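Shown next, in structure tokens, is the structure this report addresses.
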Ligand code: ARG
């Protein structure tokens, strides 16, 4: 007898992606980035195309924003904004190298007819740190986004905000340390959080999957769930097995070149809710 839950994808998703045409690692703003280590840009583009194909094969829609020269990290669309109920909160990047991306993403949303757009006064790196969890918004801080973005989030989206301090520099964005799998379930790397954060997560989620060091260290948690299918880095073998035994359907991708910038599949993806 097994009591594995039936996991369902409730609706087709729309994801925004940005082709890594101008991708490089030419500065280092997180511990993964080493400008001295070569990046295969053609392979990065192939891997990125593969991710888009995976989303389409699962029945989701993919939209794209044109990449801009001189913005090598613009491929990480998750950082471009926060989008809930067609409301868009603009990003404000911590590092000068990425700051122009905020306007590029805002321009895209304006042109696409999104009318409820708010520019943020507070440093926040979009859905890299701001994670929608249905009944609440989780907001990571400590390395990039400011904790004080919570007030803007509560006011603009009208949802309670759970602030989570990140404590390990390798997991500098919340989406490198946690993935929301469905309304009641998340997987996370406990060592990336402080005690208050771990307690808050245990209170919010009925089911919490704890991920091992070796899976976190390949950014295995930088995954995207539609409630059933979980697009996950193929290097995270342990997590893949955990997802399967929890009743999810892991769908693996390899974004090895983007990992050299500290990014994975979730970083390349902004869900347009
Ligand atoms: N090189 C980028 C940075 O350090 C990677 C961003 C990854 N994005 C994410 N959502 N975790 O800002």
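No value in this document is a laboratory result; all are computed from the given coordinates. The shown structure was predicted, so the numbers you read here are calculated from the model rather than taken from an experiment. Note: ideal-geometry Cβ built from the backbone for every residue, glycine included; neighbour counts use all protein chains shown.
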Original post:
In which sequence would 117, 65 go, from the one with the fewest C-beta neighbours within 10 Å to the one with the most?
Top reply: 117, 65
Original post:
Based solely on its DSSP helices, what 222 nm [θ] is calculated for the chain when runs of n ≥ 4 H residues each add -39,500 (n - 2.57) and the sum is averaged over all residues, nearest 500 deg cm²/dmol?
Top reply: -7000 deg cm²/dmol
Original post:
Percent antiparallel among DSSP beta bridges with both residues in the chain, to the nearest 5?
Top reply: 45 percent
Original post:
Going by how many other beta carbons lie within 10 Å of each one, how would you line up 74, 17, 33, fewest first?
Top reply: 33, 17, 74
Subject >> Label-point separation, residue 112 to residue 45 (7 Å along Cα→Cβ), nm >> reply: 2.3 nm
**OP:** Determine, from the Cβ-Cβ distance of residue 37 and residue 214 and an R0 of 22 Å, the FRET efficiency 1/(1 + (r/R0)^6), rounded to the nearest 0.05.
**Re:** 0.60
Original post:
Share of antiparallel DSSP beta bridges in segment 118-195, in percent to the nearest 5?
Top reply: 60 percent
Original post:
Can you tell me the Rg and the Dmax, both Å, for the Cα atoms in segment 103-195?
Top reply: 13.8, 43
Subject >> Cβ-based exposure ranking for 95, 204, 11, in which fewest neighbours within 10 Å come first >> reply: 11, 95, 204
Subject >> Segment residue 22-residue 104, length gained on full extension (0.36 nm per residue, minus Cα span) >> reply: 28.1 nm
Subject >> Average projected area [Cα convex hull, the chain], square nanometres >> reply: 13.2 nm²
**OP:** Could you work out how far apart the two model spin labels at residue 245 and residue 85 are, taking each label as a point 7 Å from the Cα in the direction of the beta carbon, and quote it in nm?
**Re:** 3.9 nm
**OP:** Whole Å is fine, so just give me how far the alpha carbon centre of segment 1-63 lies from that of segment 156-177.
**Re:** 20 Å
Original post:
Taking 0.36 nm per residue of separation and subtracting the Cα-Cα distance, what length does fully extending residue 9 through residue 184 add?
Top reply: 61.6 nm
Subject >> Percent of C-alpha pairs per 5 Å bin, segment 47-180, short to long >> reply: 2, 10, 20, 22, 22, 16, 8, 1
